[in-house]
1. Which condition number in (1) within 30 Å of A:Ala190 (Cβ to Cβ); (2) assigned to a helix (DSSP H, G or I) is the one that B:Val123 fails?
2. Return the residues of region B:125-146 that are more than 8 Å from chain A (Cβ to nearest Cβ) and crowded, with 18+ Cβ neighbours inside 10 Å; say none if nothing qualifies.
3. Would you mention how many residues in region A:14-52 are surrounded by 14 or more Cβ atoms within 10 Å (Cβ to Cβ), assigned to a strand (DSSP E or B) and polar (S, T, N, Q)?
4. Whether any residue in region B:176-188 is of a type in the set (Asp, Glu) and either modelled with pLDDT of 90 or more or in contact with a helix residue (DSSP H, G or I) (Cβ under 7 Å, 6 or more places away or on another chain) (or both) is what I want to check.
5. Just wondering, is there one or more residues in region B:67-78 that are surrounded by fewer than 19 Cβ atoms within 10 Å (Cβ to Cβ), without any contact (Cβ under 8 Å) to a residue 24 or more places away in the chain and of a type in the set (D, E, K, R)?
6. Considering only region A:63-75, I want to know if a residue exists there that is part of a loop (DSSP other than H, G, I, E, B), more than 8 Å from chain B (Cβ to nearest Cβ) and closer than 24 Å to B:Asp124 by Cα.
7. Take B:Ala45 and tell me if it is in contact with a Lys or Arg (Cβ under 6 Å, 6 or more places away or on another chain) and either surrounded by 12 or more Cβ atoms within 10 Å (Cβ to Cβ) or closer than 29 Å to B:Ser170 by Cβ (or both).
8. Just to be sure I understand, how many residues within region A:165-175 are surrounded by 21 or more Cβ atoms within 10 Å (Cβ to Cβ) and within 22 Å of the chain's Cα centre (by Cα)?
Amino acid sequence: MQGIDTTNNEILLDIAGLKKHFGKNEVLSGIDVQIRRGEKIAVIGPSGSGKSTFLRCLNLLEQPTEGSIAFCGEDIIHTKHINEFRQKMGMVFQHFNLFNNLTVLENIMFAPVKIGKMELKKQKAALRRLKIRQFFGRDGDKKIAIETSVAQIEKQAKDRALALLERIGLADKASAYPSTLSGGQRQRIAIVRALAMNPKVMLFDEPTSALDPEMVGEVLQLIKELAEEGMTMVIVTHEMGFAREVATRVFFMDGGKIQEQGTPEKVFGSPENPRLKEFLSKVL
Amino acid sequence: MFFQQLWEVVSTTKYIMWILEGFRMTLLIAVGASVLGLFLGTIVAIVKIAAQKNKRKMRIPEFICDIYISVIRGTPVALQLFIMAFAIFAIRGFPLEVTAILTFGINSGAYVAESLRGGIQSVDIGQTEAARSLGLSELQSMVSIVIPQAIKNVIPAIGNELIALLKETSIVSMVGIVDLTFAAKMIGAGNEMSTYLAPMLVVALFYLAVVYLLIFGIRAIEKKLKQSEQHVDEKKAEKCRIKMEKRLKAIEDNYQKICLRKGQ
């Protein structure tokens, strides 16, 4: 995997001078990195080093105090359309966070259907405006074609959800509620739920930390498959072996800063930063 | 002797009419007040939840809600009823039962608001975060994800509140409204009866019956909500499975067709 050259790909995320304070407590103290399409970034570091906060700042679940984040060249901190950007950034949480009141299938379909319906409403509103304008003799023969319907949106979402469930081998659980599933199953469904929105980048926040050891494998396997398909991802993880195997670049964070970054061979093989050396000697 | 009196209460048409009249009034006040209370409570809870996220804009509404909750919860309901009946609505011809409905509605609104707020806050923040991370708006995630889960959490508390409200309405006899309790008092105070025990016991049965109905209803709702989350409805699952297999087959067929076309 590390053979893939991503140096010339477009920049998906451009982060500059990112800072985050919680009250007087400075969690992130200036992060500048660029993440290109196709890269698989593993973020490692001791607990309390700001890894999770960094990840949560990327899709603005935490509002950064200072700095800028650009997604596909567009500023996302000062935009009013953050929801549209979030649709393109899938996030997977440590505690799965599947919607407890919905079945597995509904969990996966939920966002695509809601957002599809919203777009449809917008299109219809635009069509209405156009008709009114045309009534007054403006915009002569312009036309807006509405190609979908609510039923079609739902059917598409359902087909996609079923295909995704089939892929992870949980199609028979489609009508079950999350509380009846094991941790590994829940996390795989959470990953698939994020995938249903066709994200450009996936953010993983310690996806295996809350799992039983025997279930870690199945989740990592799925993430690995996604990586092989070329998905751009940022993974905060404590699984060093996994980071070494899958990542194209590894960030070592400590004290709210990226202390060292580079290919896994370099970071794990010949670390330079003394704190990274100390960290690796403890975890490896 | 006692049974004789009991029989007299339930067999005398005049007494029965009084009791039924009182029962009607009690139910009217209780139902009216719970509707008003649930409505008010929901609004206050929404204001308080919104205020946590948008401190600056919601400062004044939140302040008003805080005062409302602390004043209502901090004073006895009998006192509130007296103030409403003898001061605020002391207008000639203003129907007393409306005063009572307003008083108890406003009173229970404060309690409902607090339990609803607790219910919404007890839903894991991760649920909202997950919805937001998928690109849904604050309102969408609240309405479709958080509130359905919150409702399940607050049903016992709301049920308690409704039961308490029903019994509290007996205070209206203090301002001269003829409700169940007042009817019992009237019967007992009459010359023919000259005992309170028998009519009070009869009326107690009326209260008990309504409360039992309420408890039964609440339990049924709770059970239904619980079931929907823990167990898979077998029949539904089977239907879903059959449908899904058909769909998957259709997808596969389509895929093969596409493959064939590409091959040619």
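The values are calculated or read from the model by the stated rules, or taken from the named source; none is laboratory data. Quantities reported herein were computed from a predicted structural model and do not represent experimental measurements. Note: ideal-geometry Cβ built from the backbone for every residue, glycine included; neighbour counts use all protein chains shown. Areas reflect the complete protein model, heavy atoms only, side chains present, ligands, DNA and RNA absent. Shrake-Rupley method; radii C 1.70, N 1.55, O 1.52, S 1.80 Å.
1. So the condition that B:Val123 fails would be (2).
2. In the first step, residues of region B:125-146 are kept if they are more than 8 Å from chain A (Cβ to nearest Cβ); the result is B:125, B:128, B:138-139, B:141-143, B:146.
Matches in region B:125-146: B:Thr128, B:Ser141, B:Met142, B:Val146.
3. Residues that pass the stated criteria total 1.
4. Yes: region B:176-188 contains one or more residues that are of a type in the set (Asp, Glu) and either modelled with pLDDT of 90 or more or in contact with a helix residue (DSSP H, G or I) (Cβ under 7 Å, 6 or more places away or on another chain) (or both).
5. No - not one qualifying residue is present in region B:67-78.
6. yes
7. Working: in contact with a Lys or Arg (Cβ under 6 Å, 6 or more places away or on another chain): yes; either surrounded by 12 or more Cβ atoms within 10 Å (Cβ to Cβ) or closer than 29 Å to B:Ser170 by Cβ (or both): yes.
Here the answer is yes, as B:Ala45 does meet what is asked.
8. 1
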